[in-house]
Amino acid sequence: MRDKAQFQEHWVADLERWFAQGVETPGLVLIKVHGDRIQYWDGEDNGVIHV
């Protein structure tokens, strides 16, 4: 989805770290994902969360 109104609705300031141009970033797309678990890692810690 490339609807900028939807980008604005879901945008959080932390995303500016990767997308300096904000919702105007060329090639930016919004996808919807459904999951039943989250696997995370940050270099020091990792785990799985069942949702």
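Things worth noting here:
- In the chain, the portion of solvent-accessible area held by carbon and sulfur atoms comes to 52 percent [1.4 Å probe, whole percent, DNA, RNA and ligands not counted].
- Gyration tensor (alpha-carbon) shape descriptor, the chain, a/c threshold 1.5: oblate
- Contact order relative to length of the chain, as percent, for alpha carbon pairs under 8 angstrom and 6 or more apart: 28 percent
- Across segment 19-27, computed HN-Hα scalar couplings (Karplus, 6.51 cos²θ - 1.76 cosθ + 1.60, θ = phi - 60°) run 10, 4, 8, x, 5, 8, 4, x, x Hz from first to last residue, x flagging Gly and Pro.
- Mean ellipticity per residue at 222 nm, deg cm²/dmol - from DSSP H runs of n ≥ 4 across the chain, formula -39500 (n - 2.57): -3500 deg cm²/dmol
- Taking the average, over residues, of other Cβ atoms within 10 Å as the packing measure, peptides 2-8, 31-37 rank 2-8, 31-37 from highest down.
The values are calculated or read from the model by the stated rules, or taken from the named source; none is laboratory data. Computed from a predicted model, the values in this text were never measured in an experiment. Positions of Cβ are generated from backbone atoms using ideal geometry, with glycine treated the same way; all protein chains shown enter the neighbour counts. We work out accessible area using only protein heavy atoms, side chains counted, and drop any ligands, DNA or RNA first. Shrake-Rupley method; radii C 1.70, N 1.55, O 1.52, S 1.80 Å.
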